[in-house]
Amino acid sequence: MVWKWLGALVVFPLQMVYLVVKAAVGLVLPARLRDLSRENVLITGGGRGIGRQLAREFAERGARKIVLWGRTEKCLKETTEEIRQMGTECHYFICDVGNREEVYQTAKAVREKVGDITILVNNAAVVHGKSLMDSDDDALLKSQHINTLGQFWTTKAFLPRMLELQNGHIVCLNSVLALSAIPGAIDYCTSKASAFAFMESLTLGLLDCPGVSATTVLPFHTSTEMFQGMRVRFPNLFPPLKPETVARRTVEAVQLNQALLLLPWTMHALIILKSILPQAALEEIHKFSGTYTCMNTFKGRT
């Protein structure tokens, strides 16, 4: 028994070094991308914003079928027609992911009409954009139901079949605000932090499930209607991401089977700073960068 433990202690650091070197080599050498030609992709919140760009990106990269979920039929119809014109089979379903029974019923309809979903992209999200004391209780609940619990319901609806097929991928379009919250978006930050923990636990739980993986994407502020009006102090130094960029990097992460993606790469520095700096210093960074007041001009979707 003693020799077994000693052996494990020797092997473990060597294994860590190997994995770090392997990851470093992967950053330099081009990796083999996953073929999407046999994959059926479902994107929640797929009618507009990042969801629409994700549909385009998956179609361009050869996905077999694309399914869009959302609550606004007009946007879903427009995106579906666009994807069909690109030569990819596309369907849409009206579904509120915050409604558990509606998710399960719509998932059943998807399986009957389209077939098995092998890539699930949890992209749907809402933001109330107010402080706690200024927030309406129903609006707070809505953010939690859609941004967090909705991922529980969609994953429970499609993951079992992925496990049976030994082929599947769960994707979460999260936000860097899951790791570094800001004032004025307490509903959004809280729900995204919960969703991050959900995905972290899920990803670890899938380690012994052959053929099924997960990817969490944490982008910086992205220029979509959802955060219309949000302003940072130095937009030239910290420009908002383009939805096209987020979509492209997300699909690449799926094809590379990348578990975690921070956008842009400089957000890694944020994680380090939060780990080593005292709270008072972090507060000064928020004030200096403008994130302390960036939601003061928030308008959201009109």
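The values are calculated or read from the model by the stated rules, or taken from the named source; none is laboratory data. It should be emphasised that the depicted structure is a prediction, and the values quoted were computed from it without experimental measurement. Please note: Cβ atoms are built from the backbone with ideal geometry, for glycine as well, and neighbour counts cover all protein chains shown. All accessible areas refer to the heavy atoms of the entire protein, side chains included, with ligands and DNA or RNA removed. Shrake-Rupley method; radii C 1.70, N 1.55, O 1.52, S 1.80 Å.
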_Going through the cross-link list Lys192/Lys274; Lys156/Lys192; Lys130/Lys156, which pairs have a Cα-Cα distance over 28 Å in this structure?_
Lys130/Lys156
*Pairs of Cα atoms under 8 Å, at least six residues apart: use those to get the relative contact order of the chain, whole percent.*
17
*Cα-only Debye scattering, segment 35-293: base-10 log of I(q)/I(0) at q = 0.12 Å⁻¹*: -0.69
*Keeping every protein chain in place, order Thr72, Thr224 by accessible area at 1.4 Å, biggest value first, i.e. largest first.*
Thr72, Thr224
*asked:* Solvent-accessible area of His128, probe 1.4 Å, all protein chains present, reported in Å² to the nearest ten, please.
replied: 40
_Net +/- balance of residues flanking Lys287 in space, Cβ distance below 15 Å, scoring K and R +1, D and E -1_ = 0
*Compute, for Glu101, the solvent-accessible surface of its heavy atoms (probe 1.4 Å) with the complete set of protein chains present, and express it in square angstrom to the nearest 10.*
90
_Part-to-part distance (alpha-carbon centres) for segment 172-232 and segment 118-134, which is given in Å_ = 9
*Pull out the extension gain between Lys4 and Cys209, defined as 0.36 nm times the separation in residues minus the alpha carbon to alpha carbon distance; nm, one decimal.*
71.1 nm
*With every protein chain left in place, what is the accessible area per residue of the chain in square angstrom, probe 1.4 Å?*
54
*Nearest-10 value in Å² for the accessible area of Ile146, using the 1.4 Å probe*: 10
_What is the sum of charges, Lys and Arg at +1 and Asp and Glu at -1, for the other residues whose Cβ falls under 12 Å from the Cβ of Arg161?_
+1
